[in-house]
Amino acid sequence: MATQKIIPSSTVILGVDPGTVVMGYSVIRCTGQKIEMLHMGTLNMSWEHDVFERLQRIYKTMDEVIRQFQPQHFAIEAPFFGKNVQSMLKLGRAQGVAIACAMQHNLAVTEYSPKKVKMVVTGNGNAEKEQVWGMLQRLLQLTEKPKGFDASDALAVAVCHHYQQQSPLAGLTNKSKGWEDFLKKNPERVSAGKLPNPSSSLKGGLKKGK
C-alpha cells in the first residue's frame with residue numbers, strides 16, 4: 001500500500017518597517033523551512049504634508065495588502081528610541097495605525113526590536129543594512145535589489161518572525177491576536193484611557209523576479 005506524501009501547510013507573514021515618510025512592507029510564504037517572498041514594496045508619503053493624511057494612507061495600504069495576500073501573522077519593527085522625541089512620536093503613530101489595521105483583520109501581531117531582527121537574520125545585532133540584505137538574498141535566493149532599505153528591512157522582520165516561530169520558545173513571544181485578545185492581556189491600557197476604539201481608526205511594490 002502506497003503511503004500518502006504529507007504536504008506541510010504554509011504560513012503567510014506580513015512584515016512591516018513603519019515610517020511616516022516611507023514605510024516598507026513585505027509578504028512571505030513559509031512552507032516548512034522553505035521561505036518564498038511573495039511581495040515587497042514601499043509606501044512613499046514624502047509629497048503628503050498632512051500627518052493625518054499620511055496615517056490614513058498607511059491604514060489603507062495595510063488593509064489592501066492584507067486583503068490581497070491573506071497573511072496569518074503580522075510582524076512589525078519597534079521604533080528605535082533615539083534622541084529626537086518628535087520623530088519618535090510620529091513613528092509611534094505610524095506603527096499604531098498599522099497595528100490597528102492588522103488587529104481589525106484579527107491577525108496575530110508581534111513586535112521586534114531592530115537589534116533582534118538583525119541578530120536573528122544575520123547572527124549580529126549590530127549588522128549594517130547592506131549585510132542584512134545580503135543575507136536575505138542568500139536565504140531567499142533573490143537577485144533584484146530593492147530601491148531602498150525600507151522594503152528589505154520589512155522583509156527581514158518577516159523572516160525574523162518565521163525563525164522565531166520555529167523556536168521552542170515561540171509560545172512566549174510578545175504577541176496578541178486581535179483586539180479582544182489584546183484587551184484581555186492589557187486591561188490597564190483600557191482603564192487608563194490609552195487605547196482608542198479600533199472601529200474609529202483611520203480607515204507601489206517590488207515583486208520577486210522570475
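The values are calculated or read from the model by the stated rules, or taken from the named source; none is laboratory data. Values in this document were obtained by computation on a predicted structure and should not be read as measured data. Heads up, the Cβs are rebuilt from the backbone with ideal geometry, glycines too, and the neighbour counts pull from every protein chain shown.
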- Query: small (Gly, Ala, Ser), closer than 20 Å to residue 27 by Cβ and at pLDDT below 90 - does that describe any residue in the stretch 177-194?
  - Reply: yes
- Query: Can you tell me which residues in the stretch 70-100 are over 25 Å from residue 118 (Cβ atoms) and touching a strand residue (DSSP E or B) at 6+ places or on another chain (Cβ under 9 Å)?
  - Reply: 70
- Message: Against the definition (in contact with a Leu (Cβ under 8 Å, 6 or more places away or on another chain) and surrounded by fewer than 23 Cβ atoms within 10 Å (Cβ to Cβ)), how does residue 61 come out, yes or no?
- Response: yes
- Scope the stretch 10-69; condition among the aromatic types (Phe, Trp, Tyr) and touching a Lys or Arg at 6+ places or on another chain (Cβ under 8 Å); matching residues: 59
- Message: Restricting to the stretch 18-35, give me the number of residues that are at pLDDT below 95 and of a type in the set (D, E, K, R).
- Response: 1
- Task: List the number of the failed condition for residue 77; all other conditions in (1) charged (D, E, K, R); (2) over 15 Å from the mean Cα position of the chain (by Cα); (3) closer than 18 Å to residue 110 by Cβ hold.
- Result: (2)
- Message: Any residue in the stretch 26-48 that is among the β-branched types (Val, Ile, Thr) sitting within a Cβ distance under 8 Å of a residue that is part of a loop (DSSP other than H, G, I, E, B)? List the pairs, counting only those 6 or more apart or interchain.
- Response: 27/71; 31/8; 31/9; 42/146; 42/147; 42/148; 42/204; 42/205
- Message: Restricting to the stretch 17-29, name every residue that is in a strand (DSSP E or B) and either over 16 Å from the mean Cα position of the chain (by Cα) or surrounded by fewer than 23 Cβ atoms within 10 Å (Cβ to Cβ) (or both).
- Response: 22, 29
- Of the residues that sit in the stretch 86-136 and are over 14 Å from the mean Cα position of the chain (by Cα) and acidic (Asp, Glu), which one is surrounded by the most Cβ atoms within 10 Å (Cβ to Cβ)? 128
- Query: Which residue out of 169, 155, 142, 89 is closer than 19 Å to residue 42 by Cβ and modelled with pLDDT under 95?
  - Reply: 142
- Task: With respect to residue 40, determine if the residue is in a strand (DSSP E or B) and at pLDDT 90 or above.
- Result: yes
